[in-house]
Amino acid sequence: MADLLVLEEQYARVRRERVFRDRRDLLMESDAWLISRFRLPRHVIIELCNNLDARLKRETRRSNALPVPVQVLATLGFLATGTFQREIGDRAGVSQPTISRTMPAVLAAIKSLSRKYIRFPYNDAQQSAPSMNDYAFINRKNYHSINVQVICDAKLPLLNVVAGGTHTILLLFKTAVLARGDKGYPLTEYLITPLANPATEQERRFNSAHTRTRVTVERCFGLLKGRWLCLGPAGGTLLYTPEKVCDIILACSVLHNIALVNGVPVQPDEPMPMEPWPVQPPLGAIRRRQELIHRF
């Protein structure tokens, strides 16, 4: 009987003991190494951790709570590469289930900084989340995707970000800013798009000027996807719910602006061309565009 009690005590002690994996102090690595794996240098990561500390620090009865820098670095590693959570966990010294539990909180904390880092000159950027309707996420090429509308300025910071499942034109009307125009949108009196088939020299000059302006937002998309590979084809498909994918996109948008403010370098991807809008625009919009063309 005494032996049985000893065994029970030993079993209970084993159950109480937790095995912790060694964690490298990744913040001791060089800025070049950190940028190559997490897209941000040490001082920016530390500042980000300080900004998120209050939201990510958890009260615990144990002495081995997951430190905020480990939570942030694990999430940044995923956003930067789009690789499997298990591989990210191996780098950070934590298990895959821990990564899975931690990442939503970190994404939400980063997204909470959007009002600070993503601001239109006139109004705060508005964001929309997707509904649960499956058909709302089927794009015009007949596969599921998340549509993202961004507005940026000439220096490529994001001024407005909307991510959701509706078609691009519906996303446009969900924002407080109706300012951007390209072939992905219809011609309206307040939103000027290029001509599909310019016939005169003036029209060609107008299209050329419009293209030079539009290329800025294409560069912005390329920079965003080039820095945070989880958003591009290199990172593979994001196998998460639409709501979580939108959180990932918005978190990457905040980090994009943080990286720009701090001058963090990156090699952007090549921009993807957009197809012309197929709907006939209203006559008032055509006249408005012609007035602009006459100035060239």
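The values are calculated or read from the model by the stated rules, or taken from the named source; none is laboratory data. What you are looking at is a predicted structure, and each value in this text was computed from that prediction instead of being measured. So basically every Cβ, Gly included, is an ideal-geometry build from the backbone, and we count neighbours across all protein chains shown. Note: areas computed on protein heavy atoms with side chains; ligands, DNA, RNA excluded. Shrake-Rupley method; radii C 1.70, N 1.55, O 1.52, S 1.80 Å.
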Heavy-atom accessible area of residue 219, protein chains in place, probe 1.4 angstrom, given in Å² to nearest 10, is 120 Å²
Of the listed peptides 104-112, 189-197, what is their order by residue-averaged count of other C-beta atoms within 10 Å, with the highest listed first? 104-112, 189-197
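Can you put 117, 240, 185 in order of accessible area, largest first, using a 1.4 Å probe?
So the residues, ranked largest to smallest area, are 240, 117, 185.
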With only alpha-carbon pairs counted, each pair once and no self-pairs, how large is the Kirkwood hydrodynamic radius of segment 17-113 in angstroms? 13.6 Å
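Give, in nm to one decimal, the length gained when the segment between residue 37 and residue 196 is fully stretched (0.36 nm per residue of separation minus the Cα-Cα distance).
53.1 nm
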Using the alpha-carbon centroid of each, what span in Å lies between segment 225-260 and segment 90-120? 11 Å
Highest first, please rank the peptides 205-216, 251-262, 38-49 by the mean number of other Cβ atoms sitting within 10 Å of their residues. 251-262, 38-49, 205-216
